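Step one of this worksheet: look at the structure below.
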Amino acid sequence: MASDSAHMEIDQTSPIPATLKTTISKQPYYYFAITLASSSPAAPIDVTQYHGYITMVLTQWLGAIGGGIPVDILDYSYPHATIRVPHTNHKSVWQAMTLNPFSLLSDNTQAYFQVLRNSAFAMGVVTSSRKSM
């Protein structure tokens, strides 16, 4: 009797209800909070020059295709900027920005971009949970 009570049959014909729902939402843009760093203090530049340096870096790293990637500067306060790029190009932009040093045109100083934050959502780069209030 003890062996019969320990042995149970499992009904495999009843369907298992689906309780997990996954929603994947592909955003059209990707956002970066970046800063321009240089080997020596440089004079502040305007937003047009800043955009020119971004385009120059993309062209140096990715050629003419990289130079054609649309980059929107949403917020700018030298040396920091918040930029928006198409989601399909965000990995290429990220690589070019972090791996490609360049010379500033004004005084031939070595400079590079640093990616401070990145996100598929604008709010992810505008705010930081690491800042004290």
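The values are calculated or read from the model by the stated rules, or taken from the named source; none is laboratory data. Values in this document were obtained by computation on a predicted structure and should not be read as measured data. When we count neighbours, we look across all protein chains shown, and the Cβ atoms used for this are built from the backbone with ideal geometry, even at glycine.
Structure notes:
- Hits in region 110-133 (condition: at pLDDT below 85 and assigned to a loop (DSSP other than H, G, I, E, B)): Thr127, Ser128, Ser129, Arg130, Lys131, Ser132, Met133
- Which numbered condition Asp107 misses (of (1) under 22 Å from Thr48 (Cβ atoms); (2) of a type outside the set (S, T, N, Q); (3) not in a loop (DSSP other than H, G, I, E, B)): (3)
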